[in-house]
Structures are given as structure tokens and as C-alpha cells.
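Following: one structure in C-alpha cells, then a few remarks.
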Amino acid sequence: MENNRVAKTAGFLMLVSISSRLVGYIRDIIIYSRFGQNRITDAYNAAFSIPDFLYVLLVGGALSSAFIPVFSSYIANDRQEEAWEVASMVFNLVMILLGAGIGLGLIFTPQLVAMIVPGFEPEYMKLTVLMTRIMFLQVLFMSMAGISQGILHSFKHFRTPALGSILYNVAIILVGALLSRYMGIVGFSIGVVAGALLNFAVQVPVLIRKRVRYHRMLNLNHPGVRRILSLIVPILVGQSIIYLNLFVTQNLASGLDGGMIASLRLAERLMKLPISVIGLSLAVALFPTLSEYAARKQMKQYHASFRVTMNNVIFLSLPASVGLAVMATPLIRFMYQQGAFDQAATAATAQALIFYSIGITAYSTVHVLSRAYYALSDTRTPVVVSSFSMLVNLTFSLLLIGPMGHGGLALAYSVTGIFNALVMTLWLHRKVGAMGGQSMVTTGLKTSAASAAMGLVVWALTRGLDMVLPVGEKSAQGVVVISGLVAGVLVFLALSRIMGMEEERTARNMLVSRLRRRTGVRDR
């Protein structure tokens, strides 16, 4: 029953994640068709780095991962007033640190930007500094939204925070498109601030209905606050390491031709679509359940829920990885090649996407593995693994950038993810015993076989259509992409069904159930 609830929640989060990414896709089309893939869009993408790092450092996924188990335990034990006191103290502490961080960031923006993109020319360095300072404002609203999300997730309310992620991109599009007529790409940086504000504002009515109570107090010695801090510090270190990997990539890419940072960022967003839709959605839905099982010492149920989720992640992410790699050029050509985004930009982005795709399954499983550790109140192990991963990323980036350019940076990122996933899996097995490894290996082998066959079919079909259709036209490009997508899904599902995979039956039953609810048809 609990696994069914997790599956339904994950299904909803997947749909919302897809919707949010589609809106984000429209946002990217507007930006890249208007400005192209060059130093201007390099500057826009680089401007996110420092504000995003500050957000991740203080809130991000770390606060939710540490906050939810503690806050939920107070609610579950009918200690609501103390729960709100803890939430208020955490909020107050974050706001104090945030004020200091934003203040220092605004003062030292030029020096920080010079560290991130030392290869930028002076005029683009100045543009990056301006947009970075504007985007510091988004950190304030995103942090408030992140804390609100942690509270609502503790109550197993996922809808409103998910809606906020969609509205975030909608606001960027509307405000950015309007202001960019007068301010150039700077208008989109203001749109980012507006999107962050809307993301928080939409959650406020639900918080009021949950009878949120705010207390003007700060006691770092409170047991609940101490427990959150003890959990969050290692997570923050791990999250910081992830962003340091991004900084390494941007630092090295800034010395390449103009547009390479933009191509890496765009390819990374496409890569993170299946990671977010599959890995993150399933992990977020699973986390409260794993936390409950771990708290009650129900390790048999803990193992079972983890195994089912990991098998589903493998089953869904492997074909996504193969599909994105095989269809990289047709997909990017159809989605972005227009206006100032030319054929060379398509080729550069496709090259990055192919190498990024190699790491999709690894990074998807890392989301689930991290929550498995957090549910056990072990936030240190993922940090240790991430620390070694940073060294792996730096080593492979330096080795591969020479012979492979920006493609080498993308490949280094994927290799790092594979290393991270393997080590975390082996360490978790050592920590809690058998987790159904044989089942995961079997699922992996069957899914790999079906994905490989699917990839060959899609490759042959799309290359054949490229030769007979006028692919310079958008309609023909759309036919190629849709044909490849439909053929890939049908071939993969048919092969997985022939092999009798349980994950295929689960996915089919979820889809049929959702369609019946949408159309008003009921099971008889």
C-alpha cells in the first residue's frame, strides 16, 4: 500500500517536472533564438553560478533533507507547537546567514566572477557581474520558497511546491521577453527574480491553511535545531562539492571558443530532464517513507521500498540515456535551431549532450541513494564520496579537455557520476546489508538489452528520414523527432514486456490508472 502511494506521488511529480521542463524549454527557445549561442548567453548562464551556489549552500536540497525528518517527528508525536518553533528558528538562522552572504556577494561580485570565468573578455565580464548582482535577489525568494517546500513536504503536500516550479519559468518568460526589448539579456535576469518571488508567493496560502506559526526566536541549543544542524552540515558540504565541479567546468570552458559554456549549460539542462523527472521525482516521493521505516527500525520494508524504487529508476533512465544520445542532433536541431542559433551551435550542443547522456542513469540513482543515507540520519557518507568525486571530475576534465574540448568536460562529468553511484551503492550495501542487488543487476541487464535494441532502431529510422525529408524545414524536423520518439518507446516497451519485466507492468498499470481517472473511467 505504501509503495503504491509512493508510486502515485512520484507519478504526479514526474508529470509536473515534465511540464516545468517544457516551459523551461520555451524559455530557452526565446533566449537562444533572440541572442544566439555566444558570449552574451555565456554571460547569462555564468551569472547563475554564484547566486545558485549561495542558495544551495544555505537551503537547496540540503535543508529539506535535514529538516523533513526532524519536523516530521515533532508532528507525528503531536508536538506541533514545538515543530513550528524549530521551523521558525531555522528560518531565522537562514535569513541571517543569507543577508550576510548576499551582502558579501554584492561587494565582491567582480572578484568572484573573475574566478568563475577568467577567460571572458572585459565587456562580457562586466555584463556577467551586472546580471550576477541582479540574480542575488532571487536567492532570497528561492530560500523562502525552499523552506516552505520543506514544511509542505513534511505534511506530504507536494502539489503547490511543484506548481511553483512551473510558475517560476512562466514568470521568466513573460518578464524577460518584455524587458529584453529595452534591456537586452539583462531583462531575463530580472525575470529570474520575478520567477523566484512567484514560486514563493504561490505557497503562502497553503502554509496559512496548514496554520503555520512564526516565532521571533533563535536558540541554537534547541535539540531540534541542533539535530538539523548536525544533519545539514555534511549535506551542505556535499552540495557545495557538486557546485565546485560546475565551477571547474565553467572555468575551463571559459578559455574555449565563445558559446561553449552556453552549449554545455543547454546540454546539461536536457540531460537533467530525465534525471529530474525520473530520479529526483522518485527520490522525493520515497524519502518520507524511507525516513518513517528507518525511524521505526522496519528495515525489511526499508529494503523493499529502496529496491523497488531503484529498479524503476534503472528501468526508466537507461532508455532515456540511450534515446537522448542517439537523437541528440535531431532533437536539438528541432528544438533550438532557429534565429541566431545556427547549425554550428546545434553540433556543439549535440556533442556535449551525447557525452552527458552517459551519466544519466548514474545521477538518477544518486538521488535515491542519497535519500537512503539521509533516512538513516547518515549525511556524512555521501559527503565523503562527493569529495572523492570532485577529484575524479577535476582529473578527467584536465585530461579530456585537450583532445575533446567541451565534449571532454561533459564526459568527465558523466564519469564522475558513475563513480559516485557505484561507491555509494557498495557502501550502502556494507552499511545495511543486502538491498536486492541481484534484482537490480537483473533489471539493469534486461533494460540495457532493450535500450540497445531500441537505440539501433531509432538511429536507423532517424538517419533514414534525414536522407529523404527536407530537414531544413521545421515540419520535417518535427517528423524525424516524433517518429524516433514513438518508435523508441514502442520498441523498448515491447522488448521489456517480452522479457517479462515487472517494472514494465508497473509503469503500464500506473499509466492506465491515470488515464482512467482523467477520462472518468473506473475499474470494475
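The values are calculated or read from the model by the stated rules, or taken from the named source; none is laboratory data. If you're wondering where the values come from, they're calculated on a predicted model, not measured in any experiment. Reconstructed Cβ throughout: ideal geometry from the backbone, glycine too, with neighbour counts over all protein chains shown. Note: areas computed on protein heavy atoms with side chains; ligands, DNA, RNA excluded. Shrake-Rupley method; radii C 1.70, N 1.55, O 1.52, S 1.80 Å.
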May I ask for the distance between the Cα centers of the range 431-494 and the range 279-333, given as a whole number of Å? 19
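Dividing the Cα radius of gyration by the Kirkwood radius, what Rg/Rh value follows for the range 164-214? If you can, show how the numbers build up before the last one.
Details: Rg = 13.7 Å, Rh = 11.5 Å.
For the range 164-214, the value is 1.19.
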Taking every alpha carbon pair in the range 333-489 and sorting the distances into 10 angstrom bins from 0 up to the bin holding the longest one, the percent per bin comes out as 10, 27, 29, 23, 10, 2
Can you give the net charge of the other residues whose Cβ lies under 14 Å from the Cβ of residue 110, counting K and R as +1 and D and E as -1? +1
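When the convex hull of the C-alpha atoms of the range 255-402 is computed, what volume per residue in Å³ does it have?
Numbers: hull volume 16.9 nm³, N = 148.
Considering the Cα atoms of the range 255-402, their hull volume per residue is 114 Å³.
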Can you classify the range 379-445 as rounded, prolate or oblate using the Cα gyration tensor, where a ≥ b ≥ c are the square roots of its eigenvalues, rounded means a/c under 1.5, and otherwise it's prolate if a/b beats b/c and oblate if not? oblate
Report, largest value first, the span of the C-alpha coordinates of the chain along each principal axis, in whole Å. 67, 60, 49
With helices defined as uninterrupted DSSP H runs, which ones in the chain have an alpha carbon span along their own long axis of at least 18 Å and mean Kyte-Doolittle hydropathy of at least 1.0? 60-76, 80-107, 159-183, 186-201, 223-253, 281-295, 380-404, 474-498
Over the range 353-508, with neighbouring protein chains present, the accessible area per residue in Å² at probe 1.4 Å is 46
Whichever lysines have a C-alpha closer than 20 Å to that of residue 300, once near sequence neighbours (fewer than 8 apart) are set aside: 431
Hey, how much of the P(r) for the range 142-190 falls beyond 15 Å, as a percent of Cα pairs? 54
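How long are the semi-axes of the ellipsoid equivalent to the range 87-219, from square roots of 5 times the Cα gyration tensor eigenvalues, in whole Å, largest first? Could the numbers behind the result be given before it?
Numbers: eigenvalues 190, 81, 21 Å².
For the range 87-219, the semi-axes come out at 31, 20, 10 Å.
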List the equivalent ellipsoid semi-axes of the range 289-364 in whole Å, largest first, each obtained as the square root of 5λ for an eigenvalue λ of the Cα gyration tensor. 40, 11, 9
Describe numerically, in nm with one decimal, the distance between label points set 7 Å from Cα along Cα→Cβ at residue 79 and at residue 159. 3.1
Cα pair distances of the range 418-486 binned at 10 Å [whole percent]: 17, 29, 19, 18, 14, 3
What Rg and what Dmax come out for the range 351-415 when only alpha-carbon atoms are used, in angstroms? 13.7, 43
Would you please state the base-10 log of I(q)/I(0) at q = 0.19, 0.21, 0.23, 0.29 1/Å for the range 83-132, with intensities from the Debye formula using one equal scatterer on every alpha carbon? -0.65, -0.72, -0.78, -1.00
If ligands, DNA and RNA are left out, what is the accessible area of residue 342 with a 1.4 Å probe, given in Å² to the nearest 10? 80
Could you tell me the calculated FRET efficiency between residue 388 and residue 297, based on Cβ-Cβ distance and R0 = 35 angstrom, to the nearest 0.05? 0.70
Estimated 222 nm signal from helices in the chain, with DSSP H stretches of n ≥ 4 weighted -39500 (n - 2.57), rounded to 500: -29000 deg cm²/dmol
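Once the piece of chain linking residue 229 and residue 445 is laid out straight, how much longer is it, given 0.36 nm per residue of separation minus the C-alpha distance between them?
Details: separation 216, 0.36 × 216 = 77.76 nm, distance 4.07 nm.
Result: 73.7 nm gained on full extension.
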